[in-house]
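Heads up, the thing below is written out as structure tokens.
The values are calculated or read from the model by the stated rules, or taken from the named source; none is laboratory data. All values derive from a computational prediction rather than experimental measurement. Here Cβ is always computed from backbone atoms with ideal geometry, including for glycine, and neighbour counts include all displayed protein chains. The accessibility values were calculated without ligands, DNA or RNA, using every heavy atom of the protein model including side chains. Shrake-Rupley method; radii C 1.70, N 1.55, O 1.52, S 1.80 Å.
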Amino acid sequence: RPHATPTRLRGSPRETEDERSKGKMSAGKEVLISDQMLMKAICWETKFRNKGDEELPEALSQISHLKLHGQGITRVDDLSQFVELEVLYLYDNRIRSLCPLVCCTKLTHLYLQSNALRSTDMIHSLPFLKKL
């Protein structure tokens with residue numbers, strides 16, 4: 001199964017590695033999953049290297065594992081392009097809401113520790129979730 005770390009969501013301000021490690025990113029600044037994060041996540045998998053923009057939707061639809069941990073993300077948007085997504089790593093971010101994950105109905109494993117979650121109620125809408 002293909003593994004990767006992304007979604008084609010519009011990016012927003014992203015802190016540098018130094019800023020993140022020193023905790024200098026402003027608490028009020030929203031950080032979305034950027035195209036850069038997604039491409040970095042996909043490209044580690046040899047199968048997805050050197051894919052053009054027109055091939056990206058097909059590549060995303062094959063990904064079963066998505067690693068987006070430790071990126072300072074505050075909001076997750078639409079992950080519906082990841083139709084085969086089973087394992088999602090979102091730990092060590094600043095995510096407040098899980099509502100956008102409702103479309104990830106094939107999720108079996110969801111790693112969320114160390115976030116700023118307001119509620120986990122939507123977890124009940126993930127029928128195959130085995131590990132939280």
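Net length available on complete extension from Glu58 to Ser125 is 21.6 nm, with 0.36 nm assigned per residue and the Cα-Cα distance removed.
Out of the total accessible area of the range 52-132 (probe 1.4 Å, heavy atoms of protein only), what percent is carbon and sulfur?
Numbers: 2040 of 4050 Å².
That fraction is 50 percent.
Neighbours of Ala116, meaning other residues whose beta-carbon lies under 10 angstrom from its beta-carbon, give a summed charge of +3 when Lys and Arg score +1 and Asp and Glu score -1.
To the nearest µm²/s, what D does Stokes-Einstein give for the range 59-132 at 37 °C and 0.692 mPa s, using the Kirkwood radius over alpha carbon pairs as Rh? Could the numbers behind the result be given before it?
On the way: Rh = 12.1 Å.
Roughly 271 µm²/s, to the nearest whole number.
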